[in-house]
Amino acid sequence: MSLYCGIACRRKSFWCYRLLSTYVAKTRYLFELKEDDDACKKAQQTGAFYLFHSLAPLLQKSEHQYLPPQHSLLELERLLRKFGQDTQRVEDSVLIGCSEQHEAWFALDLCLNSSSSINASLQKPEMETELKGSFIDLRKALFWLNVKDASLLSTAQALLRWHDAHQFCSRSGQPTKKNMAGSKRVCPSNKIIYYPQMAPVVITLVSDGTRCLLARQSSFPKGMYSALAGFCDIGESLEEAVRREVAEEVGLEIERLKFSASQHWPFPNSSLMIACHATVKPGQTEIQVNVRELEAAAWFSHDEVITALKRNDPYTQQQNEAFPFWVPPKLAIANQLIKEWVEKSTYSSLPA
Ligand SMILES: NC(=O)c1ccc[n+]([C@@H]2O[C@H](COP(=O)([O-])OP(=O)(O)OC[C@H]3O[C@@H](n4cnc5c(N)ncnc54)[C@H](O)[C@@H]3O)[C@@H](O)[C@H]2O)c1
Ligand SMILES: [Mg+2]
C-alpha cells in the first residue's frame, strides 16, 4: 500500500486511509499511533486531552448530565504552566482512542507523576476552580456518565493506573520507559517489553428457573447485591472457572451455562469480565455461603429484582440511612446480566 496517503490527509502514512471503511481507517490510524512515536507526537498537536487527578476524571456538570471536558494541547500546556508543572508532562499522557475524523484522544493524570518533586495533590481545589469542574471518583461517575464517555474514561483510568504501577523492570529494577502512545513500556537495559494487562474474570448469574442468585461482599456499598464473580485461575477454561467459582462461593453445582457478553472493568485493576448465565441442578438450590468470600447470598424473585433495577443512584438514597436492595449500575455488566434474566423470565431454554 502507498507510503503517502495523498489527497485524503496529506501526510506520511503506512497505508492509504482513503481506501478503507471509516471503522477500518480508525483502527489502522490508532495502530499507527501506537507503533510510531513521531506520528503519535504529531497527533497530540491536533488531539484532545482528558484530565485526571489521582485517577479521578475531571467532569463538568451541564444541565442534568456530567461530561468530561476535552482540552487542546495548547490549552493543556497553559494549564500545566499555571499549575507549576513542566509542559514535558504531556509525554506522560496515554492514547485512549480517536474520533472518526482521526482526532486523537489522550488522557493525562495531573497528580500521578513519579518524577515530579512538587506535591500536585495540594493543588487539587485550585485546579478544579481553574478547570471549572470536579475530579470525581470513577465508580460514582459511572452512575452519571453516558456509555461512550464511561467506556473511554474506564480505558483511560486503567491505562493510567497500569503505567503508574509499572514504572520499573521486574528483572533489572531499572526505570522502564513508556512509548508515546502508552501502549507499552520498555526496559532500556534489557529491552524487555511490558504490555498493559487485564485479568480474566467470570461473572455468572445463576438461576433455578424462577429465581436468580445474587450475593454481596462486605466491601460492596450497603444494600448492593451482584452476580457471582471470580478471577480465573491459571490453567482454567472459562467453563471450569464458572463451575469452580459457583461451587466455591455458594456451594452449588451448575448444570447449564450460556455466554452472554464481555466487558472491560477498570476496578480495582483491569479485568476482562466474561458474563454468563447458568442454571443449577433441579432441587439443588440450598445455598452454603463461603463466608471468607461473601457476606451474604440469596435467591431473589423476579418482582424483587425488577424493583431493585428501578432504584437509581443509591449513593443519594443512602443519605436516608435506609439501604434498600439494589443492583450494580447500568454500565456494569452485572446489571446487563440481571436485565437479560428478567426479560427472558427463565433460562430453562438453555442448551444442555
Ligand atoms: N462489572 C461488573 O458488573 C462486576 C460485578 C461484580 C464484580 N466485578 C469485579 O470482578 C472482580 C472479581 O470479583 P471477586 O472479587 O468476587 O473475585 P474472587 O471471587 O476471585 O475473589 C477475589 C479474591 O481472589 C483472589 N485473586 C485471584 N486472582 C486474582 C487477581 N488476578 N487479582 C486480584 N485478586 C485475585 C484474591 O485473593 C482476591 O481477594 C472484582 O474486581 C470486581 O470489581 C465486576
Ligand atoms: Mg467472588
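Quick notes on this one:
- So G283, is it assigned by the TED database to the domain that holds R216, on the phi > 0 side of the Ramachandran plot and within 16 Å of ligand 2 (Cβ to nearest atom): no
- Residues that are open to solvent by 10 Å² or more (accessible area, probe 1.4 Å), within 16 Å of ligand 2 (Cβ to nearest atom) and either charged (D, E, K, R) or assigned to a strand (DSSP E or B) (or both), drawn from the stretch 202-222: R216
- Consider the stretch 291-307 and keep the residues that are of a type outside the set (D, E) and out of contact with any helix residue (DSSP H, G or I) (no Cβ under 8 Å at 6 or more places or on another chain). The one that is farthest from ligand 1 (Cβ to nearest atom) is S301.
- Close pairs (7 angstrom Cβ cut-off, 6 or more residues apart or separate chains): assigned by the TED database to the domain that holds S72 and within 19 Å of D92 (Cβ to Cβ) in the stretch 25-47, assigned to a helix (DSSP H, G or I) and β-branched (V, I, T) anywhere: Q44/V90
- Checking each residue of the stretch 240-255 against the condition of being outside the structural domain of W162 (by the TED database), at pLDDT below 95, touching a strand residue (DSSP E or B) at 6+ places or on another chain (Cβ under 9 Å) and open to solvent by 20 Å² or more (accessible area, probe 1.4 Å) gives at least one match.
- Within the stretch 280-290, the presence of at least one residue that is within 14 Å of ligand 1 (Cβ to nearest atom) and either surrounded by fewer than 20 Cβ atoms within 10 Å (Cβ to Cβ) or closer than 23 Å to T155 by Cα (or both) is confirmed.
- Scope the stretch 327-342; condition outside any helix (DSSP H, G or I) and within 16 Å of ligand 2 (Cβ to nearest atom); matching residues: V327, P328, A332
The values are calculated or read from the model by the stated rules, or taken from the named source; none is laboratory data. Please read these numbers as outputs of a predicted model, since none were measured by experiment. Note that each Cβ is placed from the backbone with ideal geometry, even for glycine, and that neighbours are counted across all protein chains shown. In case anyone asks, the SASA skips ligands and DNA or RNA and just uses the protein heavy atoms, side chains included. Shrake-Rupley method; radii C 1.70, N 1.55, O 1.52, S 1.80 Å.
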